[in-house]
Structure formats: C-alpha cells, structure tokens
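Visitor: Input: one structure, supplied below.
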Amino acid sequence: MTGILTVLAALFLAASQWFIWAYAPVEETMGLVQKIFYLHLPLAWWSFMSFLMVFVASIMVLATGKTVWDRLARAAAELGVLFSGLVLVTGSLWGKPIWNVWWTWDPRLTTTLVMWFVYAAYLLIGQAGIGGGRAFAVRAALGILAFLDVPLVFYSARKWRSIHPTVFGSQGGGLDPDMWVAVLFSLVAVGFLWVVLLRIRFGQMNTNERLRRLFMKMTDQG
C-alpha cells in the first residue's frame, strides 16, 4: 500500500507543477512570486492535520494506555514540525519581495512560530524520556495542551489586524477559479506525500519498538 501511495504522490506532485506554472494565471500584483502560495498553503494545512492527529492520538494514549498511540503521535508531530518549518521558510521567501522584509511579528507569523517551538519541545521531551516509565503519559498531556495553539494560528489573521493574506474573507477570498484548481490539486498532492511519510515513519517506530522488546527479552534470558 505504501508503494502505491508513493507512486500516486510522485505523480500528483509532478502534475501539480503543471497546474501551478502553466494552468494557474499569474497574479497581477505579486507576479510569479505568488506561485509560492501553492506550496505554502498545502504545507500549512497538512501541518495542522499532523497536529490534529497528535491531539487525537494523545487522547487515545491516556484513554487506553497503549503506547502504539504514542508512537503515532510522535510520528505525526515530526511531520508537523517539518511541514510547519517549511511553512515559515516559504512564507519568508514569499514575504521578502512583497513586504520587503524576511520576517515581521505579524499575529499569524508569531503564532505559527510559537506553535513550531511548542511541538519541537514535544519532540525533545520524547527524546529525553522525561517521566521515566510514564513518559508516554507526559507526552500525551503535552500533545493535548499544545493543540490549543493550532486554532489560534488559524484564526489569528481574522481576529487581529494582520497583513497576512487569508484564503477566505476580504483579504484573499477573490482567488481566480483556475487558481483554486491549482490550490486543490496541490493540496491533494501534498496530502499523498504526507500519508506516505507518516506511514513510513510510523512503521519505523513500530519496528524499533519490536527490536527493543526482542533485545530486552534476549537480555533477560541471557
């Protein structure tokens, strides 16, 4: 299944480049630099999906006590940190020619950076093994609390004065229909990539856990 999804991800990612560069019209005000939007937005939305999965899996950890949910949460958190980090990078590349600065303490940018640091801390706690035998419960509690920042990021550009454009609403809701086609196709393409990476990383963690248990069993017998 992972192989099939990988092929689909490659095909959709390749085809999305045609939609971005040949099908979607050039934005009149920003020009070609606006094309970053077609990568920036899907990365942002799928990072939100990653953190939603961390939230749900963390609840399941506390509800069931099964560490498989902890591994799923950590795998999703790694993808979320990767994707949200790329969101910050592509946003800076987009913002420099438009705002004439690489970074501004805009509400959307600031809350996104805070979100990145929170989930990076989640991963560091996971590596440090804080909590001993109950480390998975500590991570689960943090995974639930960390999600509070995600809706804040999503609504920040609407609740406070922001120069960051929004896809829906007065600041950016007038996308050309052809642009919407490119956006949706890019969302699907990055979605396939996200599923493939999640399956691979989750599988690696499960394999590591089986090897760890096998090693402990052999050690006890020896």
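The values are calculated or read from the model by the stated rules, or taken from the named source; none is laboratory data. Remember, predicted model here, so these are calculated numbers, not experimental data. Backbone-built Cβ (ideal geometry, glycine too); neighbour counts: all protein chains shown.
Visitor: Which residue pairs have Cβ atoms under 7 Å apart, sit 6 or more places apart or on different chains, and have a first residue in segment 88-113 that is without any contact (Cβ under 8 Å) to a residue 40 or more places away in the chain and a second that is surrounded by 14 or more Cβ atoms within 10 Å (Cβ to Cβ) and charged (D, E, K, R)?
Guide: none
Listed here are the residues, each with its yes/no results for (1) more than 18 Å from Leu193 (Cα to Cα); (2) acidic (Asp, Glu).
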| position | (1), (2) |
| --- | --- |
| Leu5 | no, no |
| Leu8 | no, no |
| Gln17 | no, no |
| Glu28 | yes, yes |
| Val33 | yes, no |
| Phe37 | no, no |
| Pro42 | no, no |
| Met49 | no, no |
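Visitor: If a residue must be among the β-branched types (Val, Ile, Thr) and within 16 Å of Ser50 (Cβ to Cβ), how many such residues does segment 173-219 contain?
Guide: 4
Visitor: Considering each residue of segment 19-70, count those that are surrounded by 19 or more Cβ atoms within 10 Å (Cβ to Cβ) and assigned to a loop (DSSP other than H, G, I, E, B), and give that number.
Guide: So the answer is 1.
Visitor: Among the numbered criteria (1) at pLDDT below 95; (2) part of a helix (DSSP H, G or I); (3) of a type in the set (S, T, N, Q), which single criterion is violated by Thr104?
Guide: Here Thr104 meets the rest and fails (2).
Visitor: Test each condition in (1) within 19 Å of Val81 (Cβ to Cβ); (2) modelled with pLDDT of 80 or more; (3) surrounded by 15 or more Cβ atoms within 10 Å (Cβ to Cβ) for Val114 and report the one that comes out false.
Guide: All conditions are met except number (3).
Visitor: If you don't mind, there's one more thing I want to ask. Within segment 71-92, identify whether any single residue is in a helix (DSSP H, G or I) and farther than 24 Å from Ile200 by Cβ, and answer yes or no.
Guide: Within segment 71-92 (the criterion being in a helix (DSSP H, G or I) and farther than 24 Å from Ile200 by Cβ), the answer is yes, since at least one residue qualifies.
Visitor: So Glu27 fits all but one of (1) at pLDDT below 95; (2) touching a Leu at 6+ places or on another chain (Cβ under 7 Å); (3) not β-branched (Val, Ile, Thr); what number is the exception?
Guide: Glu27 satisfies all of (1) at pLDDT below 95; (2) touching a Leu at 6+ places or on another chain (Cβ under 7 Å); (3) not β-branched (Val, Ile, Thr) except (2).
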